[in-house]
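Novice: Just dropping this structure here.
The values are calculated or read from the model by the stated rules, or taken from the named source; none is laboratory data. Predicted model only: the values in this text are computed from it and were never measured. Every residue, glycine as well, gets a Cβ built from its backbone with ideal geometry; the counts of neighbours run over all protein chains shown.
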Amino acid sequence: MCSVQDGDGDIPVPRSAVSVDRVCMKCKVAKPVVVTRVNDALCRDCFIVYVVHKFRATIGKSHLIRDGEEILLAFSGGPSSSALLHLVQEGLSQRAHKRLRFKPSLVHIDETGVLGLPSEERQKTNTAVLDVFRSTGYPCYISSLEQALDLPGGSGAQNASEGHSPCWCLDSEEGLETYNRAKNDKRLADIFKSIKSTTAKEDYVKKLRNQLLTTIAHRYSYSKVMLADTSSRLAIRILSDIGQGRGGQVSADTCFADDRHGDIMFVRPIREVTSKEVAMYNSLHGVESIFVPTLTTRAQRGSSIDHLTECFVTGLQAEFPSTVSNITRTAGKLDSVGRTRTEDICVLCHSPLDTNVGEASALRAVEFSDMLSKRGCDPGSKTTGCCGEGDGSCQSSKVNSLHNTDVIKTLCYGCRLTVKDMTDVSQLPSHVIYEATSRINRMRMRKDIQDFLIDGDS
Ligand SMILES: [Zn+2]
Ligand SMILES: [Zn+2]
């Protein structure tokens, strides 16, 4: 304990040490209203300049966002995305010091379907989101997680321009009506009921959400999706990723530009802003966020790895204000694995496969003990839901139907843990089943003709 305090000087500041007659440390004139970082007291105006600077500097340093570029902003309704939307609106307004030059559009993914909530409650949340959307005047799209189950097949998002739309453009009442009809799909709630752990449920929600955002971006020709991840959220994700066997994905999961999703890039412009600063920013600007229930709303502490990590990091941050920045700075030194062949990425999360390891590895040891503990059980239940060639509506299995064990081969370690928690791989989205089937067939074919290939790896 002592060594931690001695090492970084991050000793909790007693409340009495923050004097009431202090002045703002920036302008040295005004009365401070907020204490940022360890003990920096700032007045209202200096604090807003400080937050806006962090947001603008993060975008500027990346040199990735071009003038006039159309960008999709993912809006959940929570405090962070509400703050991001406000920062973007202010940055684009005439009164901005140096105006932002990109063109934002908004997208909301309704995730309340996983909770099996009554239609009226979902309607209430969505109406609140729509009110915000309409007040901005930007192009808006709304989709629900149910849509992620039936995304176009083939290479997933790349073929999104064909087939039905993954979302509704909210420029017409007709779009809204179609959305309201389509979201009443019981399948999603049933799938989530059958997944055992909350950790796996949360992970699956994240994967479906990312897939949907990628597909919508493709469909409407956006090349970037803006996410409202704060540094506090990223610190939680770093530790939670490691706890869920996704250590190799920490870098891509938390850096500014996540390029795992083909030609769609996910960017995180408020990754330097803490959740406390977001709350203060919203409060000073009167930005209201929307309450959107999630899987861990009102859940007990430790109901999932993510939730437990969140309690741990926020608890520590309250006493040691440098916790979040220490975690994010440490993770910032990590590098991601470079882009690899399609065959070497996970079919569910698109991260590089970390499961192509040798026989004498920790992974093989875990698999071996797993196999021994399951001995006597039916090895790998067969999928019966879909042949893997269509949109999942055929409800038939083929001779070459998938085994759980086959699908597992096309997944990274973290996704394997999630899929193992499902009773059947047919609960995976149809485009994932399609991709897994084609990849397994290619692997089988390559094995059959291997002796005739000049280069064994080609
Ligand atoms: Zn000031
Ligand atoms: Zn994966």
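Novice: Inside the range 254-300, can you point out the residues that are within 17 Å of the chain's Cα centre (by Cα) and part of a helix (DSSP H, G or I)?
Specialist: Correct list: Thr254, Ser275.
Novice: Can you find, within the range 32-60, the residue that is nearest to ligand 1 (Cβ to nearest atom) among those that are assigned to a helix (DSSP H, G or I) and among the aliphatic types (A, V, I, L, M)?
Specialist: Out of the qualifying residues, it is Val49.
Novice: Quick test for you: out of Asp8, Asp67, Asp45, pick the one residue that is more than 16 Å from ligand 2 (Cβ to nearest atom) and modelled with pLDDT under 85.
Specialist: Answer to the selection: Asp8.
Novice: Same structure again: Please go through the range 77-134 and give me each residue that is small (Gly, Ala, Ser) and touching a helix residue (DSSP H, G or I) at 6+ places or on another chain (Cβ under 8 Å), ordered by number.
Specialist: Answer for the range 77-134, where residues must be small (Gly, Ala, Ser) and touching a helix residue (DSSP H, G or I) at 6+ places or on another chain (Cβ under 8 Å): Gly77, Ser80, Ser82, Ala83, Gly91, Ala96, Gly113, Gly116.
Novice: Next question, about the same structure. Go through the range 108-151 and give me each residue that's surrounded by 20 or more Cβ atoms within 10 Å (Cβ to Cβ) and part of a loop (DSSP other than H, G, I, E, B).
Specialist: Passing the criteria: Glu111, Leu151.
Novice: Also, quick follow-up: Given the structure, is Glu277 within 16 Å of ligand 1 (Cβ to nearest atom) and buried (at least 19 other Cβ atoms within 10 Å of the Cβ)?
Specialist: yes
Novice: Moving on. Can you pull out the residues in the range 303-316 that are touching a Ser or Thr at 6+ places or on another chain (Cβ under 6 Å) and either over 21 Å from Glu202 (Cβ atoms) or without any contact (Cβ under 8 Å) to a residue 24 or more places away in the chain (or both)?
Specialist: Result: Leu316, single match.
Novice: Hey, another quick one. For the range 85-98, indicate whether the set of residues that are within 16 Å of ligand 1 (Cβ to nearest atom), in contact with a Leu (Cβ under 7 Å, 6 or more places away or on another chain), among the aliphatic types (A, V, I, L, M) and more than 22 Å from Asp258 (Cα to Cα) is non-empty.
Specialist: No - not one qualifying residue is present in the range 85-98.
Novice: So, one more: All but one of (1) buried (at least 19 other Cβ atoms within 10 Å of the Cβ); (2) over 12 Å from the mean Cα position of the chain (by Cα) hold for Lys186, so report the exception by its number.
Specialist: Condition (1) is where Lys186 drops out.
Novice: Does any residue in the range 335-350 that is more than 17 Å from Val250 (Cβ to Cβ) and within 16 Å of ligand 1 (Cβ to nearest atom) come within less than 7 Å, Cβ to Cβ, of a residue that is among the aliphatic types (A, V, I, L, M) and modelled with pLDDT under 75 six or more places away or on a different chain, and which pairs are these?
Specialist: From residues that are more than 17 Å from Val250 (Cβ to Cβ) and within 16 Å of ligand 1 (Cβ to nearest atom), there are no pairs.
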